[in-house]
1. When you go through B:G193, B:G189, B:G208 one by one, which is the residue that is surrounded by fewer than 24 Cβ atoms within 10 Å (Cβ to Cβ) and more than 9 Å from every other protein chain (Cβ to nearest Cβ)?
2. Taking only segment B:54-99 into account, find how many residues are open to solvent by 40 Å² or more (accessible area, probe 1.4 Å), outside any helix (DSSP H, G or I) and either under 24 Å from B:G267 (Cβ atoms) or in contact (Cβ under 8 Å) with a residue 24 or more places away in the chain (or both).
3. Take B:V76 and tell me if it is in contact with a helix residue (DSSP H, G or I) (Cβ under 8 Å, 6 or more places away or on another chain) and of a type in the set (V, I, T).
4. Go through (1) within 9 Å of chain B (Cβ to nearest Cβ); (2) buried (at least 22 other Cβ atoms within 10 Å of the Cβ); (3) more than 30 Å from A:P92 (Cα to Cα) and name the single condition A:A230 misses.
5. Specify the residue that is nearest to B:S113 (Cα to Cα); the eligible residues are those in segment B:23-53 that are of a type in the set (S, T, N, Q) and surrounded by 18 or more Cβ atoms within 10 Å (Cβ to Cβ).
6. Those residues that are of a type in the set (S, T, N, Q) and surrounded by 24 or more Cβ atoms within 10 Å (Cβ to Cβ), I need them from segment A:233-263; list them, please.
7. Scan segment A:200-225 for residues that are closer than 18 Å to A:L281 by Cβ and touching a strand residue (DSSP E or B) at 6+ places or on another chain (Cβ under 7 Å) and jot them down.
Protein chains: 2
Amino acid sequence: MRIAVIGAGAWGTAFSRLLADRGHAVDLVTELAPQAEAIAASGHNPDFLPELALEGIRALPSEQSNDVVETAELVVVAVPSSAFAGVVAALPGQAPLLSLVKGLDPVSGERLSARVHGRRFAVLSGPNFAHEIAAGLPAAAVVASEEEALAGRLQLEIGSLRFRVYVNDDVTGVELCGAAKNVIALAAGVVDGLGLGDNAKASLMTRGLAEMIRLGIACGARAETFAGLAGMGDLVVTCWHREGRNRRAGELIARGASAEQAAGQIGTVEGLTTAPVLRALAGRLGVELPIDEAVCTLIEGGDVQGLAAELMGRRPREESWRLRLS
Amino acid sequence: MRIAVIGAGAWGTAFSRLLADRGHAVDLVTELAPQAEAIAASGHNPDFLPELALEGIRALPSEQSNDVVETAELVVVAVPSSAFAGVVAALPGQAPLLSLVKGLDPVSGERLSARVHGRRFAVLSGPNFAHEIAAGLPAAAVVASEEEALAGRLQLEIGSLRFRVYVNDDVTGVELCGAAKNVIALAAGVVDGLGLGDNAKASLMTRGLAEMIRLGIACGARAETFAGLAGMGDLVVTCWHREGRNRRAGELIARGASAEQAAGQIGTVEGLTTAPVLRALAGRLGVELPIDEAVCTLIEGGDVQGLAAELMGRRPREESWRLRLS
């Protein structure tokens, strides 16, 4: 297939490599011209995964990408959630769109798929740290689409022995998993930063998954999606991997940084963008998200010890009450 | 309450401290006399968590424990699963029994609760690394009993701000979680030992939870128990905590040790005992447990690379097929 990948961050860059290795003709579209020029000149992305060889991948800046995107058979979007709506609105052509983005629309509060009009849509998610995939290590992901044929085709075109692709028709669930897990990982980073230990972190993650499931069910998603690769799988690696941006942001905030300082040091931290959007969504739906609420309080400058007390100290009740899996 | 704790390993020792801190009169029963004598003389357990002060806890060897156990209001059992049946059969009195043991009966293949006759039964499980709890870090656990009144009483008597206790009536689910998670953690250690990365480990854990749920449902347990503290919570910490015995055993085996060598270096590794018992159970029930099967092959001397290929390489299908959560 001829595939245009929009966004040359770590995941867009590593995913372009995966696609090219599967035999596809890949155009990697960068936001700014100098990055594309550097990739074209050196065969490496100087800003992300600089060790990854990008031969066989053509890089070009978005201002020169119209023809390429218009004639592509698939458009892959790998930009921050805050940029998604603007990027998608400007895309020419009608090729199916595969989103790699994990977040919600910060303006409308909607799932990102709601911003896609006039083209078929799928979303890919899972425990996929880009630098491991760039290093050739094995991973697995879910592709979700309301069109079974599109999901099945993407499974065939993208999947390989080192990148297993499963299909799922629960688009809502997969999108919500990708958004909500970053907020839980931020809270897990706070637990790390406060030195509360791995037992406490695992308990928080368990409550976090339950919180994600409650929200998902209220939005019409399926509970089992949250127990799958896009849910538990991605949650686990995002909370535990040392280099995870959201986990690291939480750790820095626990040690005294403001949210702005953490983002300034790390770069895009989706959990910081997503937490207030999720809070508003949960408010409209009447769903309680205590961990998300606590993270919002923290972003707004609230006390970290207060968060810890809130997270650990809520009155225990029957476990099944908290989970309501089905 | 007057409570007898049988077994002075790491968890029995730390749990005795938790109970004494809640104001209970605790007798800690050791297998052999020298350990009890050392604890009585020094106020510390020389073999496990030697830094933990045990003042206020009376230690005595099992050969002198009959009166204490007979008159206790609660008997807590914290021994290896392979010793559980023998220990329980020899207990005098009729006090309720709380099991901290995570495994199955290696002889009968039954859940350990099936070995308890003539007394009320509850099981406690969750992400509870003993050395963190001994260090005063916060944690949470589930107490499951078929008798709501017993679970509720134990929640009140054991729970505290630093050790939150939730109740659950799914004894089958909590017991199976505690047994099966050790086998998945062993496989996760193999992934670590082979250097396959955190993405692969998270995928394995996701498949592992799905495998645990399939087995649980076939045994009459509830899926949501597996998404709770005893399931996902304990699985996460057992697979990720550096010091986890099962994870470490898998890592050693991946690097060339035999199962015997790993156990010789680490001590009790419940996953090694449990894996073949689970395989037999799954066979009787007609449930597929590919990760458990792979771990059994490894224990029997099978090739580690073959395990990795098996774990990563099974043909992808629909994700929901793999999970069957409800």
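1. Working: B:G189 fails: surrounded by fewer than 24 Cβ atoms within 10 Å (Cβ to Cβ); B:G208 fails: surrounded by fewer than 24 Cβ atoms within 10 Å (Cβ to Cβ).
When all the criteria are applied, what remains is B:G193.
2. Qualifying residue count for the region: 6.
3. The answer is yes for B:V76.
4. Going through the list (1) within 9 Å of chain B (Cβ to nearest Cβ); (2) buried (at least 22 other Cβ atoms within 10 Å of the Cβ); (3) more than 30 Å from A:P92 (Cα to Cα), A:A230 breaks only (3).
5. First pass over segment B:23-53, keeping only residues of a type in the set (S, T, N, Q): B:30, B:35, B:42, B:45.
Retained after the next criterion (residues that are surrounded by 18 or more Cβ atoms within 10 Å (Cβ to Cβ)): B:30, B:35, B:45.
On the way: B:T30: 22, B:Q35: 28, B:N45: 28 Å.
Of everything passing the filter in segment B:23-53, B:T30 is nearest to B:S113 (Cα to Cα).
6. Correct list: A:T238, A:N246.
7. If the condition is that a residue be closer than 18 Å to A:L281 by Cβ and touching a strand residue (DSSP E or B) at 6+ places or on another chain (Cβ under 7 Å), then A:T225 is the only one that fits.
Residues checked against (1) modelled with pLDDT of 95 or more; (2) open to solvent by 10 Å² or more (accessible area, probe 1.4 Å); (3) more than 12 Å from every other protein chain (Cβ to nearest Cβ):
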{"site": "A:G126", "(1), (2), (3)": "yes, no, no"}
{"site": "A:S145", "(1), (2), (3)": "yes, no, yes"}
{"site": "A:A149", "(1), (2), (3)": "yes, yes, yes"}
{"site": "A:Q155", "(1), (2), (3)": "yes, yes, no"}
{"site": "A:V165", "(1), (2), (3)": "yes, no, no"}
{"site": "A:L176", "(1), (2), (3)": "yes, no, yes"}
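The values are calculated or read from the model by the stated rules, or taken from the named source; none is laboratory data. None of the values given here were measured: they were computed from a predicted structure. Glycine gets a Cβ as well: all are built from the backbone with ideal geometry, and neighbour counts include every protein chain shown. Areas reflect the complete protein model, heavy atoms only, side chains present, ligands, DNA and RNA absent. Shrake-Rupley method; radii C 1.70, N 1.55, O 1.52, S 1.80 Å.
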